Amino acid sequence: MKNIINKIVGDRLNKRSFEFLKQKGKKKQVIFQQFAKILTKNWFFNGVILTTILVNSLVMALESVESMQMRFYEFFDVMEQFFLAIYIMEFLLKIYAEPIKYWKAGSNTFAFMVLLLCLVERFLTNEQKRAMDLIRAVQPLRTLRTIFFIRGLQTIKSVLYILFLLFLLLFVFALIGFYFFGTGNTGNVDNWSSLRAAFFTLFNLVTVMDHWTDFQAQIVHQGTRWNRIFTIGFILLGCFLFFNLFIGVIIINIRVTSLPLLPSYKEHLRNKKQTIVHRQQEHIKQLMEKQKTTQFESFGEKVQNFKKTLKHDDYIVMDDLCSSLSFIDIYLTNLDQQDDTLYKLQNLYFELSYILGNMLEGESGASALDKKRHS
């Protein structure tokens, strides 16, 4: 009986300890998952990934030089494995932090596809050189990931729609131009003989507007009466509408992306102004404190000390207007008039004070008589 009880108690204790350890393991997993999420959202982590992409692009550019590729083959191979390890670490951290949300972002899907191609390349043999070349041609697309890191470059997402509409416009007009001016015995073989040539002609027409008259002169000889409508319609739609719309979308998107940064910029500007004002105030306080010390003298003290150095027998060169005899005469006359005015004002003040004193004595005497009468 005792053994049965011990067995039942032991089983329950083991079950509880297992559940406790399981919950503890889940807590640790949640904590590590939150840490991975915070790490992948951190600016330092994104900066490391962005730097890795840029350095990887630079290494691929250097590897394209045949002389350097033969000379530093081992170095390029080590760097490729190093970059691949960083991309794998980034993928594992992001997929562990957000397993479902990771695939909702187009940038993550794009990065995973490029990473998958790089991993496939590691298992290819030398006999499969064609496939290796194709995969290596896709690897430079990783540089486009910088669009997702740099906020200002994300305007390209909206520009892609304009480029797609422009491509449709080129496609439609290329077909029209091919059937109008590229067929028959009188067709223009150089510009409209194929869809590829028509595309190149229209692209040249929409980007370089200086030579559109030459194209028009060439298609005039085709004999169709729609050539002018074709040229004018394409220039209006392709250049004046889509090309300017393309520029407008870029400007609008740049403005929209910079609006969230405007309050922080204003706050930075306000803090900068306050710092400058505070610095000027401190500088003025320091200057005032220096004037109060014994080592430095104020302007008034310097003037007084300068007056003490003057003597009556010092020679003074008097060439200016204020030292002429006529000016001195007028100045002394004005001083006399000022003295007379001051004397008159002084007498007037005496008279006013005398009158006010008499009025005050009269009011005080009248108030005293009123008090005696009431008493």
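The values are calculated or read from the model by the stated rules, or taken from the named source; none is laboratory data. Source: prediction; values computed, not measured. Here the Cβ is made from the backbone with ideal geometry for all residues, glycine too, and neighbour counts use every protein chain on show.
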Checklist entry - Restricting the search to the range 62-105, which residues are surrounded by fewer than 13 Cβ atoms within 10 Å (Cβ to Cβ), under 35 Å from the mean Cα position of the chain (by Cα) and farther than 26 Å from Phe45 by Cα? => result Ser64
Item to check | Counted residues, the range 58-114 - those being outside any helix (DSSP H, G or I) and hydroxyl-bearing (Ser, Thr, Tyr) | outcome: 1
Next on the checklist: For the range 172-223: of the residues being closer than 19 Å to Phe243 by Cα, surrounded by 16 or more Cβ atoms within 10 Å (Cβ to Cβ) and β-branched (Val, Ile, Thr), which is modelled with the highest pLDDT?
Outcome noted: Thr201
Checklist entry - Which residues, taken from the range 30-49, are surrounded by 12 or more Cβ atoms within 10 Å (Cβ to Cβ), at pLDDT below 85 and more than 19 Å from Ile100 (Cβ to Cβ)? => result Asn46
